[in-house]
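The structure appears below as structure tokens.
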Amino acid sequence: WRRNQYWKNLGVPHPKPILFFGNFLDLVLRRKTQAEIMRDIYNEFPDEPVVGFYQFLSPRLIVRGQDLVERVLVKDFQHFVDRSNFPQSGNPLLLNLFGLTGNRWRAMRAKFSPMFTTGKLRHMFPQVNEIADDLVGVLSKKTTDVNLKEEISNFTMDVISSCAFGLETGALKCGNSKFREESKFAFQPSFKQFAKRMLLFSAPKLASALNVKFMQARTEKYFGGVIRSALDSRRRSNLTRNDFVQQMVNLLEKGYVEIENHHPSDDYLDIEGNKRYENEKIELNDDVMVGQSFVFLLAGFETTATAISFTCLELALNEDAQNKAREEIKRFPNFTYENIRDNMPFLEGCVKESLRMHPPVGNLVRLCVKAYTFPGTAVTIEPGTFVNVPSLAIHSNPDIYPEPEDFVPERWHAGGPPCSYLPFGDGPRICIGMRFATMEIKCCLAKLLLNYRIKLHGDLELPVKIDPYSFFGGPVKPIFFDLERIPAE
Ligand code: HEM
């Protein structure tokens, strides 16, 4: 009970918590997603720059003021470098970009960023394009009552495994490959999975003491084995490819990633005499690489499939926008990476608009690592306090996006205020795969629109209800479509 007094004692406005559940009862009862809970709290306190809440027993903050959002994500990033405090010793799988902290994260991010340069993406584009053709072919066999998300998940699985790991999983062509079956198992929205995730994110130390893992042993074993054998076979062959496996093999040959020495902007690491990151090296071994790859797989496959599926839904509901996007794509028969990236602003607007309305990750998290007073407020937080940036709430704020529930691809011609569009986060910890995902999404949609008119099959209750137990904003009920073949001109 004393924990539920935390914000009251600090004089920070907050909604009334319930014993043990804090403000998360609706999540446990599968009534609201975490992003929806954040949105509702955001709307309940329209005049407050910051609002407290309780994630079960853990007191956390929501940043409401747009200037403060920019401070947390970008301008005062050095106070908010981390996003988790999972204990990182003992399990190399946890040494991944998503969970790494401080200078260890910086060093690893610098090593992996070159995998996502324009040159690398251009090189990967033909592979993505070919797999998009496979998707069009698979869909031609069944055009009514199609669960598009299923097929698109096979597409994104083939893309990430081929581009990142040089693996042919055959998810699309074989329908139910082992790879796909294991990924379905990994992402099934069950209560057990959900409860484990909540424990990990709400009480990481307790979760670690109880040996609770983010992924089930079966998932770690299967994907760990696949990634290890991809590394092995690349090392044995003389083949050099421009993919993640190659980058990892090269790093492994060196054997470590050095962590930069003290830098003034990292002073926070030295508070309380904490010198632990100085002159340190992260020893690299296959386990560490499996951890990185695992995150690329997890972060890269379901999110992208959700994003493409929701854009299909919006285009089915907005026929004019669908026609307009198709006409724009038709103007570029030369299907190149550059054309997809630069020359289809309306298609880009459709994707951005869909990600605004249906962000697969509707809530960003940062961990305060150095005491911080929010400018313009009397609120000071101590290291160890979690801060949430409620992206779904910001995306649906009518002051930022007039008529936020409307799908308006044209609104993107004008841009928007800083840090108001956050499907990929923002600042130095922005999604590393953003441009890869955007290329993949646009390529897939362009191919679908050139070949099919996308329509909804039957009635659909709107707005679509998102499953609070799903990893990345998936709908409770599958959405079915009819695809009307467009004859080649
Ligand atoms: C539509 C698809 C995707 C969405 C919506 C998405 C969204 C996000 C978001 C919201 C974050 C947190 C950003 C922040 O805290 O500011 C993130 C981080 C991350 N994403 Fe993505 N992502 C997508 C695709 C991908 C892909 C394809 C990959 C890899 C190939 C990837 C790898 C990562 C990694 C490694 C991080 C952690 C980055 C770090 O902390 O340095 N994501 N993503």
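The values are calculated or read from the model by the stated rules, or taken from the named source; none is laboratory data. Since the structure is predicted, the reported quantities are computational estimates derived from the model, not experimental observations. Note that we place each Cβ from the backbone using ideal geometry, even for glycine, and neighbour counts take in every protein chain shown. Ligands, DNA and RNA are stripped out before the accessible areas are found, and what is left, the full protein with its side chains, is counted by its heavy atoms. Shrake-Rupley method; radii C 1.70, N 1.55, O 1.52, S 1.80 Å.
Would you point out which residue out of Phe98, Phe80, Phe86, Phe45 is out of contact with any Gly (no Cβ under 8 Å at 6 or more places or on another chain), at pLDDT below 95, crowded, with 16+ Cβ neighbours inside 10 Å and on the phi < 0 side of the Ramachandran plot?
Values: Phe80 fails: at pLDDT below 95; Phe86 fails: out of contact with any Gly (no Cβ under 8 Å at 6 or more places or on another chain); Phe45 fails: at pLDDT below 95.
One residue alone meets the criteria, Phe98.
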Taking interchain pairs and intrachain pairs at least six residues apart, which have beta carbon atoms under 6 angstrom, with the first residue in region 453-464 and in a loop (DSSP other than H, G, I, E, B) and the second exposed (fewer than 14 other Cβ atoms within 10 Å of the Cβ)?
His457/Asp145
Scan region 358-366 and tell me whether some residue there is part of a loop (DSSP other than H, G, I, E, B), more than 19 Å from Ala437 (Cα to Cα), within 16 Å of the ligand (Cβ to nearest atom) and in contact (Cβ under 8 Å) with a residue 24 or more places away in the chain.
no
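Does Leu297 satisfy the condition of being touching a residue at least 60 places away in the same chain (Cβ under 8 Å), farther than 26 Å from Phe179 by Cβ, assigned to a helix (DSSP H, G or I) and not small (Gly, Ala, Ser)?
Values: touching a residue at least 60 places away in the same chain (Cβ under 8 Å): yes; farther than 26 Å from Phe179 by Cβ: no; assigned to a helix (DSSP H, G or I): yes; not small (Gly, Ala, Ser): yes.
Criteria not met by Leu297.
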Would you confirm whether any residue within region 131-148 is more than 26 Å from Gln247 (Cβ to Cβ), open to solvent by 40 Å² or more (accessible area, probe 1.4 Å), touching a residue at least 24 places away in the same chain (Cβ under 8 Å) and in a helix (DSSP H, G or I)?
yes
Of all residues in region 4-42, which are open to solvent by less than 30 Å² (accessible area, probe 1.4 Å) and more than 24 Å from the chain's Cα centre (by Cα)?
Asn4, Trp7, Val12, Pro15, Pro17, Gly22
Considering every residue within region 120-128, establish whether at least one is away from the ligand (no atom under 15 Å from the Cβ) and either part of a helix (DSSP H, G or I) or crowded, with 18+ Cβ neighbours inside 10 Å (or both).
yes
Being open to solvent by 10 Å² or more (accessible area, probe 1.4 Å) and farther than 18 Å from His413 by Cβ is the filter here, so list the residues in region 311-336 that pass it.
Ala316, Leu317, Glu319, Asn323, Lys330, Phe332, Pro333, Asn334, Phe335, Thr336
Considering only region 288-337, state which residues are of a type in the set (Asp, Glu) and modelled with pLDDT of 95 or more.
Glu314, Glu319, Asp320, Glu327, Glu328
Go through region 87-118 and report how many residues are more than 10 Å from the ligand (Cβ to nearest atom) and touching a Phe, Trp or Tyr at 6+ places or on another chain (Cβ under 8 Å).
5
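Tell me the helices (runs of 4 or more DSSP H) entirely within region 9-76 that contain at least 3 residues that are more than 19 Å from Pro404 (Cα to Cα). Full working, then the answer.
Values: elements: 25-28, 34-44, 66-70.
Answer list for region 9-76: 25-28, 66-70.
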Which count do you get for residues in region 381-395 that are open to solvent by less than 50 Å² (accessible area, probe 1.4 Å) and without any contact (Cβ under 8 Å) to a residue 24 or more places away in the chain?
0
Considering only region 436-462, how many residues are more than 15 Å from Glu319 (Cβ to Cβ) and of a type in the set (Phe, Trp, Tyr)?
1
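Confirm whether Pro398 is open to solvent by 40 Å² or more (accessible area, probe 1.4 Å) and assigned to a helix (DSSP H, G or I).
On the way: open to solvent by 40 Å² or more (accessible area, probe 1.4 Å): yes; assigned to a helix (DSSP H, G or I): no.
No; evaluated as a whole, the condition is false for this residue.
Restricting attention to region 465-484, which residues are in contact with a helix residue (DSSP H, G or I) (Cβ under 7 Å, 6 or more places away or on another chain) and away from the ligand (no atom under 16 Å from the Cβ)?
In the first step, residues of region 465-484 are kept if they are in contact with a helix residue (DSSP H, G or I) (Cβ under 7 Å, 6 or more places away or on another chain); the result is 468-469, 471-474, 478-479, 481, 483.
Selection gives Pro468, Tyr469, Pro478, Ile479, Phe481, Leu483.
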If you go through Phe155, Phe112, the only one that is within 30 Å of Leu284 (Cα to Cα) and either surrounded by 13 or more Cβ atoms within 10 Å (Cβ to Cβ) or touching a residue at least 40 places away in the same chain (Cβ under 8 Å) (or both) is Phe112
Could you list, in sequence order, all residues of region 428-452 that are farther than 16 Å from Lys149 by Cα, over 12 Å from the mean Cα position of the chain (by Cα) and either of a type in the set (D, E, K, R) or not in a helix (DSSP H, G or I) (or both)?
Arg435
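Among the residues of region 160-178, how many are more than 16 Å from the ligand (Cβ to nearest atom) and under 30 Å from Asn238 (Cα atoms)?
Within region 160-178, the first condition is being more than 16 Å from the ligand (Cβ to nearest atom), and the residues that meet it are 168, 170, 172-178.
From the residues that got through so far, the ones that are under 30 Å from Asn238 (Cα atoms) too are 168, 170, 172-174, 177-178.
The total comes to 7.
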Taking the criterion of being within 16 Å of the ligand (Cβ to nearest atom), open to solvent by 20 Å² or more (accessible area, probe 1.4 Å), in contact (Cβ under 8 Å) with a residue 60 or more places away in the chain and not aromatic (Phe, Trp, Tyr), would at least one residue in region 409-421 satisfy it?
yes
Give the residue that is surrounded by the most Cβ atoms within 10 Å (Cβ to Cβ), with candidates limited to residues of region 290-305 that are within 8 Å of the ligand (Cβ to nearest atom) and within 9 Å of the chain's Cα centre (by Cα).
Thr304
Residues being within 17 Å of Phe20 (Cα to Cα) and outside any helix (DSSP H, G or I): count how many of those fall in region 187-220.
1
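From the list Asp482, Asp459, Asp426, pick out the single residue that is touching a Ser or Thr at 6+ places or on another chain (Cβ under 7 Å) and open to solvent by 30 Å² or more (accessible area, probe 1.4 Å).
On the way: Asp459 fails: touching a Ser or Thr at 6+ places or on another chain (Cβ under 7 Å); Asp426 fails: touching a Ser or Thr at 6+ places or on another chain (Cβ under 7 Å).
Within the list Asp482, Asp459, Asp426, the selection yields Asp482.
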